[in-house]
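Since the structure comes first, as structure tokens, the remarks are kept for the end.
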Amino acid sequence: MIPMLVGTMCAAIAGYVAIRWMLKIISTGSMKGFAVYVWILGIIILGMQYFGG
């Protein structure tokens, strides 16, 4: 039971930090960098799926 509680707490903290970080990026700047990151990551994942990686 303890490992599940620790995992849940870690996931909650990481989620909170990620949401705060994304809201800060959205409110202060442009999403161009994030869009480029998503495109590159998508191309890499599609390539890995196509070539069996």
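The values are calculated or read from the model by the stated rules, or taken from the named source; none is laboratory data. These figures come from a predicted structure and were not determined experimentally. Ligands, DNA and RNA are excluded from the accessible area calculation, which covers all protein heavy atoms including side chains. Shrake-Rupley method; radii C 1.70, N 1.55, O 1.52, S 1.80 Å.
Using 0.36 nm times the number of residues separating Y50 and R20, minus their current alpha carbon distance, what extension gain do you get? It would help to have the intermediate numbers written out before the result.
Values: separation 30, 0.36 × 30 = 10.80 nm, distance 3.49 nm.
Taking Y50 through R20 to full extension adds about 7.3 nm, to one decimal.
When the helices in the chain are scored as -39500 (n - 2.57) per DSSP H run of 4 or longer and the sum is shared across all residues, what 222 nm value do you end up with, to the nearest 500 deg cm²/dmol? Provide the component values of the computation, followed by the final result.
Values: 2 runs with 46 residues, N = 53.
Using -39500 (n - 2.57) per qualifying helix, the result is -30500 deg cm²/dmol.
Over the chain, average the accessible area per residue using a 1.4 Å probe and give it in Å², no decimals. Please list the in-between numbers first.
On the way: 4960 Å² over 53 residues.
Per-residue value: 94 Å².
Remind me, what semi-axes does the chain give for its equivalent ellipsoid, largest first in whole Å, using sqrt of 5 times each Cα gyration tensor eigenvalue?
On the way: eigenvalues 161, 105, 3 Å².
Working from the Cα gyration tensor, I get semi-axes of 28, 23, 4 Å.
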